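A quick write-up on the structure given underneath.
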Amino acid sequence: MTTLKEFEDALREQGMHMALAILQKLRDRDRTKRSVAPARRIAGRKMTPELAKRILELHATTEMTQQEIAFQLGVNQGRVNEVIKRGKWLDDNPAAPEAIARDKAKARMTNPTVRKRAESREIRAVASSSDKKRPAPKASNQAQLLLGDL
């Protein structure tokens, strides 16, 4: 199998300048179609009732996928799915489960002592789970038949 470079060299050797020109046009066309995909978001937008309504509006009025909606609005696809399928984030209730979870996560991220405690708990949990032995089988009141009993 030859590479594209070898193919071009063979065309040049044969003097097939029209074929080389067509190949260059195809390259230019592909280059214009190809775009650099924007980077994934690092810090997303805060979900608000207005943003949730915009998600529902885009979902109802366009044929965009959840991923396309998420990319356009700067949120992740899971949030778009929550809004569309479960109606989350549609009210501004601070007692809503998703708002409570968000606030707890923010508090954990900003409080370094909580983060250190959580990390040490994880380390202890991993260490203790590897040290544990299997529990001894529980004694049973049922009689067991042996082959010699028959």
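Since every read-out is calculated from the coordinates, none of them should be taken as a lab result. Remember, it's a predicted structure, so these values are computed and weren't measured experimentally. Counting neighbours? That spans all protein chains shown, and the Cβs are built from the backbone with ideal geometry, glycine included.
Taking a ≥ b ≥ c as the square roots of the eigenvalues of the Cα gyration tensor, an a/c ratio of 1.5 or more together with a/b larger than b/c marks the stretch 46-115 as prolate. Annotation: the residues Glu50, Glu8, Glu63, sorted from fewest to most other C-beta atoms within 10 Å of their own C-beta, follow the order Glu63, Glu50, Glu8.
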